[in-house]
1. State yes or no: is residue 78 in contact with a strand residue (DSSP E or B) (Cβ under 8 Å, 6 or more places away or on another chain), closer than 25 Å to residue 218 by Cα and within 13 Å of ligand 1 (Cβ to nearest atom)?
2. Listed residues 314, 323; which is at negative phi, outside any strand (DSSP E or B) and crowded, with 16+ Cβ neighbours inside 10 Å?
3. Could you list, ordered by first residue, the pairs with Cβ atoms under 6 Å in which the first is in segment 23-34 and within 6 Å of ligand 1 (Cβ to nearest atom) and the second is not in a loop (DSSP other than H, G, I, E, B), at least 6 apart or interchain?
4. Take the residues in segment 253-278 that are more than 23 Å from the chain's Cα centre (by Cα) and part of a helix (DSSP H, G or I); name whichever of them is nearest to ligand 1 (Cβ to nearest atom).
5. Quick check on segment 158-165. Is at least one of its residues modelled with pLDDT of 95 or more, in a helix (DSSP H, G or I) and more than 30 Å from residue 252 (Cβ to Cβ)?
6. Here's a check for you: in segment 14-60, which residue that is assigned to a loop (DSSP other than H, G, I, E, B) and more than 15 Å from ligand 2 (Cβ to nearest atom) is surrounded by the fewest Cβ atoms within 10 Å (Cβ to Cβ)?
7. I'm trying to understand the selection: among the residues of segment 335-393, which are more than 12 Å from residue 325 (Cβ to Cβ) and part of a helix (DSSP H, G or I)?
Ligand SMILES: Nc1nc2c(ncn2[C@@H]2O[C@H](COP(=O)(O)OP(=O)(O)OP(=O)(O)O)[C@@H](O)[C@H]2O)c(=O)[nH]1
Ligand SMILES: [Mg+2]
């Protein structure tokens, strides 16, 4: 299962444009709210420096691609309907889109930094993007609070007066958010609360809901429409504002990424997703050239269009995931080729986790791993690092 990144935000901020740019899909985009109603899921990629060149090998990726030593590893991207204040109570398209986000591991909050759309996504001037950042977090927190409240109610009706574990009921109620019993207990205790909801007041509940939301839906802000001067001004103010130190911001232009990918497909430019530069290689009209030069200025100034960067920030910085290559310590190739795979694993994964991730049989029969760079044996509980190349030594092969 690959990681799932959800694109969220109010209407008209550019979620679908971002989605299309990252996945080369063609879902509708429009300068009016609620262009998107049904969620779309597509394949996007995160970049990892390929390990093959270090071993004098050429890789043959089983999924994704490798371009000039950069591996593009697939992740899933979900484009959902825009969210307006009060969505948790059914406003706008209401709760439906909230459940579309259930299965996501991390969110990219797309914010229109140009200030040219109001809180409902209608055209305006001078809107403060900070309002959007605040409301989205609040809306998600309210949604979590509602679900948490239902879990508490069920617990109280079921066990009135009897001894029971609240964390089990809450974890069950909130299972769709990807939180288990142990983690739920940890979060409750870390908030300084007793394992008894009768002792919690409204503030305790709110803080608990917020904490669970932050853990299960961590987020990156993609400051979109940064190709406009208004967005660039807002970027300076907002990224300097200490109120927003808890968030990571990536300057982005979904437009620029889409334009460059389209131009690359048409053979007009030489551009690899995520690069901070490109070359014009085909015949272009004066008008096209002027447009591309404008994009070039932006891309060089901000170190890329920000679309790749936002996805990678989400996976590797916010979630702290690592990429691991299965390797072969003696360098021999099997008939399927070398460096076929590159897996994205959660932070703190061990050799054994890696084995189970590939196949439960390999995990069950695991003896140890071998670090292919140093040729040293690594234990089952050895914690892996980003870009490790590991051979798994197991008494069992993966069943076909
Ligand atoms: N200047 C600029 N405009 C953009 C950018 N990205 C998107 N837009 C424009 O913003 C408008 C809304 O884009 P969409 O991608 O449909 O926005 P959305 O967030 O999916 O909207 P809903 O589906 O209604 O929630 C369109 O007119 C896009 O062309 C960008 O990077 N720069
Ligand atoms: Mg849309």
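The values are calculated or read from the model by the stated rules, or taken from the named source; none is laboratory data. Just so we're clear, the structure is a prediction, and the values are computed from it rather than from any experiment. Cβ placement follows ideal geometry from the backbone for every residue including glycine, while neighbour counts extend to all protein chains displayed.
1. The answer is yes for residue 78.
2. Result: 314 is the single residue among 314, 323 that is at negative phi, outside any strand (DSSP E or B) and crowded, with 16+ Cβ neighbours inside 10 Å.
3. Partner pairs satisfying both residue conditions: 29/16; 29/17.
4. Only one residue tops the list, namely 262.
5. no
6. Per the stated criteria, the residue is 56.
7. Of everything in segment 335-393, those that are more than 12 Å from residue 325 (Cβ to Cβ) and part of a helix (DSSP H, G or I) turn out to be 351, 352, 353, 355, 356, 357, 360, 361, 362, 363, 364.
For every residue, the table says whether it meets (1) modelled with pLDDT of 95 or more; (2) over 30 Å from residue 306 (Cβ atoms); (3) within 16 Å of ligand 2 (Cβ to nearest atom); (4) surrounded by 14 or more Cβ atoms within 10 Å (Cβ to Cβ).
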| site | (1), (2), (3), (4) |
| --- | --- |
| 189 | yes, yes, no, no |
| 196 | no, yes, no, no |
| 203 | yes, yes, no, no |
| 206 | yes, yes, no, yes |
| 217 | no, no, no, yes |
| 223 | yes, no, no, yes |
| 229 | yes, no, no, no |
